[in-house]
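What follows draws every value from the coordinates through simple rules; no lab data is involved. The structure displayed is predicted, hence computed values, not measured ones. Because the Cβ atoms are built from the backbone with ideal geometry, glycine has one as well, and the counts that use them run over all protein chains shown.
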Amino acid sequence: MVQHFSESEDPFLNLYKQAAERANPPRRNRAQNFEKQRRFYVVYQMIRHVLDRGSEGDVAECGCWHGHSAYIIASVLSDKGPRTLWVFDSFEGGLSDKIDQDREAIGDTSPEKTLAKKQHYASNFEQVKALLAEKTI
């Protein structure tokens, strides 16, 4: 039987749940799905793969949203010794503004839809900073 986002002895599932609880703001729908869980599992496995092979150097994540994957990366890194995790994001309110040509090319119907998407994908620097503060890398 496959366990999905439940109590488990699997280190990834426990870390995924911990990261989700800490990173996702209360206002967001916390419904989890298997595809999202798989994406984070790939990140988890990639970091472990690189570290298990003795690769040296820092790690960077580009685009952190609420810090869910950054938390997972930081957790794996902290288990493997000192290293720096660089987290990049514009922290400017989500996606870029669209012009009329963008809307025509991708079928976006209104500035209101663009604003709703920007608000949905907005990152908060202080929130991500606080989330990662407990992780010593």
Requested in this report: Find the lysine pairs in the stretch 11-133 meeting two conditions, Cα atoms under 21 Å apart and a separation of 8 or more places or different chains, and report how many there are.
Outcome: 9
Query - In range of the label at Tyr121: residues from the stretch 86-100 whose backbone nitrogen is under 13 Å from the point 7 Å along Cα→Cβ - result: 90-99
**Report entry** 20 Å cut-off, amide nitrogen to a point 7 angstrom out along Ile99 Cα→Cβ, residues in the stretch 110-125
**Finding:** 110-115, 118
